[in-house]
Amino acid sequence: MIQSMTGFGKHTIQLPAKKVTVELKSLNSKSLDLNARMPSAYRAKELELRKVIAKSLVRGKVDFGLYVEYTGDETSAQVNEGVVRQYMRQLKSIADGEDLKLLEMALRLPDAMKTEREDIDEEEYKVIQSALKEALVEINNFRSEEGSVLEIDFLQRIKNLEALLEQVKAIDPERQATIRGRLEKAVSDLKTEVDENRFEQELIYYLEKYDITEEKVRLANHLDYFSKTIKSSDSNGKKLGFISQEIGREINTIGSKANFAPLQKLVVQMKDELEKIKEQMLNVL
């Protein structure tokens, strides 16, 4: 089953004094492009968390957010008392004012607050890992649901291409007869005698140049291979992309050899269906 690269996952865990939230968003990308946002105190664990995310999501433009909200009395920020008093003395020397007003102004100035950096508690880190695991489950479920929708659309497009290929096969004898008739008429219009054997050889040569038997067989095989690959256990958007390219190559060759308006119309319809597949393929993992 295929997966989309578009997804969203979020999980929140409440601790006695903190609320930990892990959020994951992903969009399509040729490779893994992971952007992480987290409090500076947790940066020491960033590499480990990145490895876990990369192993699970594989590919896509991923935004990872770790948010920690203090809900109890615990806080890591404290007033830098010495700096604040110095600010207040300097402000008082410039202009008279009430101490409370000077304090409000001093607290807005740089370094008025200091943050004590603490090592992450191992129990807290286990909670973060658990939240990340749940968020990954959620985003992968989202990706699978999106992939199911894409799979239905792809298989319908492939059926449409198979139906158009059957129409190509049906009108091909008429096309060959039309091309043969054109060549015979062109020779007769010359009003000159020709060697019948030589003419027949040349006619066969030109008809072989316009023959699309091999292209029809290869196109049918590629369409069948696409349908089988999309049903495989893993999601391989790159492989499906390569198969789509091969499908396009056969359709283009049929179009270049067509030399017959009804067949060219069918080729245009086939190209339209394939283009819709390619557009959606960019979002497959």
- [ ] Output the number of the condition that residue 75 fails; it satisfies all remaining conditions of (1) more than 30 Å from residue 282 (Cβ to Cβ); (2) at pLDDT 80 or above; (3) surrounded by fewer than 17 Cβ atoms within 10 Å (Cβ to Cβ).
- [x] (2)
TODO: Please specify each residue of region 230-265 satisfying the condition of being in a helix (DSSP H, G or I) and of a type in the set (Lys, Arg).
DONE: 238, 239, 249, 257, 265
Open item on the list: Where the second residue is of a type in the set (Asp, Glu) and not in a helix (DSSP H, G or I) and the first is in contact (Cβ under 8 Å) with a residue 60 or more places away in the chain and lies in region 223-251, which pairs have Cβ atoms under 7 Å and are six or more apart or on separate chains?
Closed with: none
Open item on the list: For region 236-265, which positions are open to solvent by 70 Å² or more (accessible area, probe 1.4 Å) and within 23 Å of residue 3 (Cα to Cα)?
Closed with: 238, 239, 242, 245
Task: Boolean, residue 225 is in a helix (DSSP H, G or I), in contact with a helix residue (DSSP H, G or I) (Cβ under 9 Å, 6 or more places away or on another chain), open to solvent by 90 Å² or more (accessible area, probe 1.4 Å) and of a type in the set (Ser, Thr, Tyr) - done: yes
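For residue 81, state whether it is among the charged types (D, E, K, R) and either touching a helix residue (DSSP H, G or I) at 6+ places or on another chain (Cβ under 9 Å) or open to solvent by less than 40 Å² (accessible area, probe 1.4 Å) (or both). Show your work before the answer.
On the way: among the charged types (D, E, K, R): yes; either touching a helix residue (DSSP H, G or I) at 6+ places or on another chain (Cβ under 9 Å) or open to solvent by less than 40 Å² (accessible area, probe 1.4 Å) (or both): no.
The answer is no for residue 81.
Looking at 54, 36, 17, 44, which one is under 16 Å from the mean Cα position of the chain (by Cα) and over 19 Å from residue 282 (Cβ atoms)?
Numbers: 36 fails: under 16 Å from the mean Cα position of the chain (by Cα); 17 fails: under 16 Å from the mean Cα position of the chain (by Cα); 44 fails: under 16 Å from the mean Cα position of the chain (by Cα).
Just one listed residue meets the conditions, 54.
Looking at 217, 268, can you tell me which residue is among the hydrophobic types (A, V, I, L, M, F, W, C), part of a helix (DSSP H, G or I), within 21 Å of residue 169 (Cβ to Cβ) and open to solvent by 90 Å² or more (accessible area, probe 1.4 Å)?
268
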Task: region 28-42 - residue that is surrounded by 15 or more Cβ atoms within 10 Å (Cβ to Cβ) and touching a residue at least 40 places away in the same chain (Cβ under 8 Å) and, of those, nearest to residue 124 (Cα to Cα) - done: 42
- [ ] May I ask you to list the residues in region 146-188 that are farther than 25 Å from residue 248 by Cα and either aliphatic (A, V, I, L, M) or not in a helix (DSSP H, G or I) (or both)?
- [x] 177, 183, 186, 187
TODO: Go over the candidates 61, 45, 25 one by one and state the one that is more than 22 Å from residue 130 (Cα to Cα) and either surrounded by 15 or more Cβ atoms within 10 Å (Cβ to Cβ) or at pLDDT 95 or above (or both).
DONE: 61
Task: Selection status of residue 92, surrounded by fewer than 12 Cβ atoms within 10 Å (Cβ to Cβ) and over 30 Å from residue 227 (Cα atoms) - done: no
Task: Among the candidates 219, 183, residue that is at pLDDT below 95 and not acidic (Asp, Glu) - done: 183
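The values are calculated or read from the model by the stated rules, or taken from the named source; none is laboratory data. Owing to the predicted nature of the structure, the values given are computational and were not obtained by experimental measurement. Using ideal geometry, Cβ is built from the backbone for each residue, glycine included, and neighbour counts are taken over all protein chains shown. SASA here: full protein model, heavy atoms, side chains in, ligands and nucleic acids out. Shrake-Rupley method; radii C 1.70, N 1.55, O 1.52, S 1.80 Å.
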